[in-house]
Amino acid sequence: VPVNGKPLIVYHLEKLSAIGIKDVVINISYLADQIRDALGDGKKFDLNIIYSYEPEVLETGGGIVQALPLLGDEPFLVISSDIYTDYPYENLLALCHPEAGGIHRRISLGDNCLAHLILVPNPPFHPEGDFSLDSTGRISNTPAYTYANLGVYHPDLFRDCSPGKYPLGPLLRKAADLHLLTGDIYKGIWYNVGTYEELEKLEQFAKGNG
């Protein structure tokens, strides 16, 4: 999907490369060959792209579970390719390194936090929201903000998951009930391109901002 003449996914790849990410796993199914042909092995972005092909679309949860063998044992970033944001990805990268302080300690242990999610104010197409955040940074299932499809996940979140087709939402809600999710609220630029209407809004924004 092009935005201002550039595929939406390329915005993410360029930002990841700029902060020093080297290895990227991309889940593909529909139009898989077209995506492979467009992005290649990632060298033009100074990245190493590995593809996790789904003969049947496995949805957001099943797709991550299938890709786990390619992701290793450490926390990893998860970014939906159909969002556009100016959120600083380096903030998430800092959560993945043992030498990082602060919130990383809640991520790296894997016993009292299994994911750190970025939340945004509810957009018009999702007014009910997904989660809320308490004063300690813990996420609960009281809907107040929308999950931005952007976060850091510990592999242990998926420890008991079986291969198959299923969404990520119920898994996150279960973890939230167990107080195993942390988060941040971001009020900067964020679009979720799920409809032509949202794509048009993003196009207009991108044209006005170069």
Query - Count of residues meeting criterion [touching a Ser or Thr at 6+ places or on another chain (Cβ under 9 Å), open to solvent by 60 Å² or more (accessible area, probe 1.4 Å) and over 18 Å from VAL152 (Cα atoms)] in the stretch 8-47 - result: 1
Report summary line: Those residues of the stretch 34-54 which are within 14 Å of PRO7 (Cα to Cα) and polar (S, T, N, Q) amount to GLN34
Query raised in the report: Given the conditions (1) open to solvent by less than 60 Å² (accessible area, probe 1.4 Å); (2) polar (S, T, N, Q); (3) at pLDDT 90 or above; (4) at negative phi, and given that THR142 satisfies all but one, which numbered condition is not satisfied?
Result: (1)
Report task. Taking the residues in the stretch 48-65 that are open to solvent by less than 70 Å² (accessible area, probe 1.4 Å) and assigned to a helix (DSSP H, G or I) as candidates, determine which candidate is farthest from LEU93 (Cα to Cα). Result -> GLY62
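From the list TYR191, TYR196, TYR153, which one is aromatic (Phe, Trp, Tyr), at pLDDT below 95 and surrounded by fewer than 17 Cβ atoms within 10 Å (Cβ to Cβ)?
So the residue among TYR191, TYR196, TYR153 that is aromatic (Phe, Trp, Tyr), at pLDDT below 95 and surrounded by fewer than 17 Cβ atoms within 10 Å (Cβ to Cβ) is TYR196.
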Report task. Sort through LEU47, LEU68, LEU31, LEU13 and tell me the only one that's among the hydrophobic types (A, V, I, L, M, F, W, C), modelled with pLDDT of 95 or more and over 16 Å from the mean Cα position of the chain (by Cα). Result -> LEU47
Query raised in the report: Tell me, which residue of the stretch 168-187 that is assigned to a loop (DSSP other than H, G, I, E, B) and either at pLDDT below 95 or of a type in the set (Asp, Glu) (or both) is nearest to ASN112 (Cα to Cα)?
Result: LEU180
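Hey, among the residues in the stretch 71-115 that are modelled with pLDDT under 65 and hydrophobic (A, V, I, L, M, F, W, C), which one's surrounded by the fewest Cβ atoms within 10 Å (Cβ to Cβ)?
LEU109
The values are calculated or read from the model by the stated rules, or taken from the named source; none is laboratory data. Small disclaimer: the values here were computed from a predicted structure and weren't measured. Ideal geometry is used to build each Cβ from the backbone, glycine not excepted, and the neighbour counts take in all protein chains shown. Only protein heavy atoms, including side chains, enter the accessible area calculation; ligands, DNA and RNA are left aside. Shrake-Rupley method; radii C 1.70, N 1.55, O 1.52, S 1.80 Å.
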